[in-house]
Amino acid sequence: MTPVPRGTAAQVIVWDVAAESAEAVAAEVRVRGAEALAVAVDVTSTDAVAQASRQSPEVDVVVNNAGVVTGAPLTEATEAGIRRTFEVNALAPYWVTRAFLPGMVERNAGVVVTVAADRAADKQTPRTGR
């Protein structure tokens, strides 16, 4: 993580399904000079995302970075594991973006960044779900 430049107003809101993980990242952000708030949110739940987004309606930058990889070979993956992987990796970025996009459009300002990995395309490790 890069330090926040002096004179820059920055507040970071860290969402994680686990409150402890969100707080750990928020603590790292604070050490670098920005305000940070940790919030436990299950980004696969449209209700949870909508509720959490109402706490911070004027967001300038959204970074969709949630992702899961369980490492089970596809032939051994459970239906629940495959569904969880798809919900977190594919659907959650839509739910989060949808929650904040109307405010960005209204203000004619904002950025959405979605982080993805190409690990699933690695032919040496055809794995998903658990």
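Points to keep in mind about this one:
- Cα centroid separation, segment 64-117 to segment 10-34: 19 Å.
- Ordering of 13-19, 78-84 by packing [mean C-beta count within 10 Å, highest first]: 13-19, 78-84
- Here the peptides 88-98, 61-71 are ranked by packing, the mean other Cβ count within 10 Å, and the order with the highest first is 88-98, 61-71.
- Extension reserve of the Asn108-Val39 stretch, reckoned as 0.36 nm per residue once the Cα distance is removed: 22.2 nm
- Between Ala50 and Ala10, the contour length at 0.36 nm per residue exceeds the alpha carbon distance by 12.1 nm.
Readers should treat all values here as calculations from the given coordinates under stated rules, not as data from a laboratory. Being a predicted model, the structure only gives us computed values, none of them experimental. Neighbour counts run over all protein chains shown; Cβ positions are idealised from the backbone, glycine included.
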